Amino acid sequence: MSLLDHISTSADVARLRREQLPQLAAELRAEIIDVCSETGGHLASSLGAVELTVALHHVHDSLRDRIVWDVGHQTYGHKILTGRRHHMRRIRQHGGPAGFTTSSESPHDALTVGHASTSLAAALGMALARDARAAPYDVVAVIGDGALTGGMALAALNTIGHRKPRMTIVLNDNEMSISENVGALNEFMRRLQVQPWLQQAESRGKAALRDFWAPLAEFGSRAKKATRRFFDPASNNPFHAMGLRYVGPIDGHDVEQIAFYLAHIRELEGPTMLHVLTRKGKGYDVAEADPITWHGASRYDALNPVAAGKGYQWSDAFGDAAIDLSRHDDRVWVITPAMREGSGLVRYSKAHPERYLDVGIAEDVAVTTAAGLALRGEKPIVAIYSTFLQRGYDQLIHDVALESLDVVFAIDRAGLVGADGMTHQGVFDMAYLRPIPNLSIAMPKDAVELRSLLRGAIERGGPVAVRWPRGSVAAAPEAAVDDWPAVPWGSWDVVAGPTDPEHAAVVVLAYGVTLGYALEAVGTTTDVAVVNARFLKPLDGDLLARWAGAGVPIVTVEDHVLAGGMGAAVAEHLADAGLEVPIRRLGIDDVHVPHGDPARQHEELGYGVRGIADAVAALRGRRWERPPAPVGRAETDDAALDAVATSPALR
Ligand code: HTL
Ligand code: MG
């Protein structure tokens, strides 16, 4: 009989006898493997957390208690157990469940999440709120060893250990982040010796736990070693030193054992960390053997799983360029905050190991370490996803830009990212980067331009952000760095239609993916120009002055929020210059965009091919025959052009 068929909420798991939990775990694992074969997704992490998930729902009620999953990518089991089983075949797709826990999706999801290392601070807040109201629920944070490398997590521990609210912290340790986990704390966890926490346990769990030691020794060798560690006093346990009670490590695939400990820990006062050893990909051979590839799987044949090849990606184009640049200039480094694979750096990490640095999930550290390198004359590239650079914002302004240091920000996953959805959209970076003095921002149209921009960034110095989207791109032909064509800094390029504004009805300014849409929308029309607006900063003020000065209506298109994007920059620039040219800005208008197919979402949000064609049609015929006198200080057309040319945005 299937147990899973009878489970639609946490309480259903609580009703099972502890001996039934292994069967539920086995069914859940099979279900996850089957679901992901159809949808892809975070398979290996979810498989590793199966027993943990079942045990958590056996002991805690996710409607009453707050189970705060860090990142939320390991929660497919949690979603299946909490009423979403039959929606899972659409996970991460348009209209289906999100890939991470999301409060608006289910009351069982305590936190909307996707970025790492937030669980401990959020759980701390919840526990303090609970205690302030003398409410009866439990708070449990579940954090991976990777997520624990984030400064936010460590700083939250500092406060948790100080305030000591009652809470359970489950450390789900599989020795893996997306790639091998890094850092001194990680190394320490490998040889962790444990405080004899038993002596400190204040509650009734105590006697029962003592009875449990003997049978524990029967478990597999890993668990046996773990059992021994329980008794080994260790004065150097950092978690203990930070004011937490520490339990473990225990076998994270023994569901009964985990349930046993969780049940006792919830009776204890203060914060307790339960260190659980798991295996990423557990129970599915390919995923266990290669948890890196199966961290984020594409769909596969469940019986004969083969990881799908991805083809040449923008990330690969970056990785290849970085290898060449580092060979060309021995001051070039690449720093990644835990995204070696995603950022296309596997080959780089082997080609230039001495100038490759993975700092763990610590974007802030990545940025300021780059500042330190640059202060000593090195040329660091921070390879970072748009969405994760949000974590390094203060460091970017305070540590890099104030000093105008030579740091290149290689921003990947710019634009809508698809299946990862709302938490991972790379649609804010230009808006948050644009106000920062001394910083250039550019987006190439292809791999050749990417190379040129990176080379230009390094040669010219100062902070530069070069961004590109998720997805595939044609590889640039092999060429020596010296032969990579230089792109005049701050220049735009007319790529289709009339090059003379006099012959244009409308001009479309686009960059990145939207450039392709613009070309398609314009098609064979001969009086609409398309411009590759590849620099957001500095803008190409000369080009803008020529086209706006001639009264050509402007359509701006971007895969980015409108507020603070390229369209906004153009509109501000024209306003400052006193040029009132008709302008339509296409992009994301003040909404959070969920998971879905990006191309479809671009259309729906009005900046795909159809949206551009409509905007062009609407502006057609609105070209000035003679530019009206500019408003404000400038009196003549020439003066207006001068004003454009001296606008602050150009400097
Ligand atoms: N940086 C930040 C701030 N958040 C995220 N989510 C990432 C990077 C990217 N990321 C993940 S999952 C993951 C990273 C680095 C590894 C987490 O390792 P952990 O969990 O040990 O916590 P495990 O996979 O079960 O081993 C996603 O974006 C999904
Ligand atoms: Mg891990």
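Pick from ILE169, ILE143: which is within 12 Å of ligand 2 (Cβ to nearest atom) and either touching a residue at least 60 places away in the same chain (Cβ under 8 Å) or not assigned by TED's automatic domain parsing to the domain that holds THR368 (or both)?
The unique qualifying residue is ILE143.
Would a scan of region 240-251 turn up a residue that is on the phi > 0 side of the Ramachandran plot and of a type outside the set (Phe, Trp, Tyr)?
So far as region 240-251 goes, yes, one or more of its residues are on the phi > 0 side of the Ramachandran plot and of a type outside the set (Phe, Trp, Tyr).
Look at ALA307 and say whether it is hydrophobic (A, V, I, L, M, F, W, C) and open to solvent by 20 Å² or more (accessible area, probe 1.4 Å).
Answer is yes for this residue.
Which residue, of GLY377, GLY344, GLY360, is touching a residue at least 12 places away in the same chain (Cβ under 8 Å) and closer than 19 Å to THR149 by Cα?
Exactly one residue qualifies, and that residue is GLY360.
How about region 526-535: which of its residues are open to solvent by 10 Å² or more (accessible area, probe 1.4 Å) and touching a residue at least 40 places away in the same chain (Cβ under 8 Å)?
Listed by number, the list holds a single entry, ARG534.
Counting only residues that are touching a residue at least 60 places away in the same chain (Cβ under 8 Å) and assigned to a loop (DSSP other than H, G, I, E, B), how many does region 436-450 have?
Of the residues in that region, 4 qualify.
Which ones in region 259-285 are open to solvent by 40 Å² or more (accessible area, probe 1.4 Å) and within 16 Å of ligand 1 (Cβ to nearest atom)?
Those that are open to solvent by 40 Å² or more (accessible area, probe 1.4 Å) and within 16 Å of ligand 1 (Cβ to nearest atom): ARG279, LYS282, GLY283.
Being on the phi > 0 side of the Ramachandran plot, assigned by TED's automatic domain parsing to the domain that holds ASP254 and surrounded by fewer than 20 Cβ atoms within 10 Å (Cβ to Cβ), is that true of even one residue in region 67-81?
no
Right, ALA122: assigned to a helix (DSSP H, G or I), within 16 Å of ligand 1 (Cβ to nearest atom) and without any contact (Cβ under 8 Å) to a residue 60 or more places away in the chain or not?
So ALA122 fits the description; yes.
Inspect region 50-57 for any residue being open to solvent by less than 30 Å² (accessible area, probe 1.4 Å), under 21 Å from ALA289 (Cα atoms), within 16 Å of ligand 1 (Cβ to nearest atom) and among the hydrophobic types (A, V, I, L, M, F, W, C) and give the result as yes or no.
Yes, the conditions are met somewhere in region 50-57.
For residues in region 131-185 being of a type in the set (D, E, K, R) and open to solvent by less than 20 Å² (accessible area, probe 1.4 Å), which is nearest to ligand 1 (Cβ to nearest atom)?
Among residues in region 131-185 that are of a type in the set (D, E, K, R) and open to solvent by less than 20 Å² (accessible area, probe 1.4 Å), the one nearest to ligand 1 (Cβ to nearest atom) is ASP145.
Kindly state which strands (runs of 3 or more DSSP E) lie completely within region 248-359 and contain at least 1 residues that are within 16 Å of ligand 2 (Cβ to nearest atom) and farther than 28 Å from LEU454 by Cα.
Counting at least 1 such residues, we get 271-277.
Determine whether VAL466 is among the β-branched types (Val, Ile, Thr), buried (at least 21 other Cβ atoms within 10 Å of the Cβ) and in a loop (DSSP other than H, G, I, E, B).
no
Does GLY551 meet the test of being over 30 Å from HIS424 (Cα atoms), surrounded by fewer than 24 Cβ atoms within 10 Å (Cβ to Cβ) and touching a Phe, Trp or Tyr at 6+ places or on another chain (Cβ under 7 Å)?
yes
Given the criteria small (Gly, Ala, Ser), without any contact (Cβ under 8 Å) to a residue 24 or more places away in the chain and out of contact with any Phe, Trp or Tyr (no Cβ under 6 Å at 6 or more places or on another chain), does ALA575 qualify?
yes
If you check ARG584, ARG546, which single one turns out to be among the basic types (Lys, Arg), under 30 Å from PRO437 (Cβ atoms), in a strand (DSSP E or B) and open to solvent by 10 Å² or more (accessible area, probe 1.4 Å)?
Sole residue among the options that is among the basic types (Lys, Arg), under 30 Å from PRO437 (Cβ atoms), in a strand (DSSP E or B) and open to solvent by 10 Å² or more (accessible area, probe 1.4 Å): ARG584.
Residues VAL346, VAL334, VAL367, VAL382: which one is aliphatic (A, V, I, L, M), surrounded by fewer than 23 Cβ atoms within 10 Å (Cβ to Cβ) and over 17 Å from HIS424 (Cα atoms)?
The match here is VAL346.
What is the residue count in region 51-66 for residues that are within 19 Å of SER104 (Cβ to Cβ) and in contact with a His (Cβ under 6 Å, 6 or more places away or on another chain)?
1
Residues of region 500-516 being in contact with a strand residue (DSSP E or B) (Cβ under 7 Å, 6 or more places away or on another chain) and either under 19 Å from PRO444 (Cα atoms) or open to solvent by 40 Å² or more (accessible area, probe 1.4 Å) (or both), which ones?
Matches in region 500-516: VAL508, LEU509, ALA510, TYR511, GLY512, VAL513, THR514, LEU515.
The values are calculated or read from the model by the stated rules, or taken from the named source; none is laboratory data. Treat the numbers as computed from the prediction; the structure is a model and nothing was measured. Ideal geometry is used to build each Cβ from the backbone, glycine not excepted, and the neighbour counts take in all protein chains shown. To get the accessible areas, we keep the full protein, side chains included, count just its heavy atoms, and leave off ligands, DNA and RNA. Shrake-Rupley method; radii C 1.70, N 1.55, O 1.52, S 1.80 Å.
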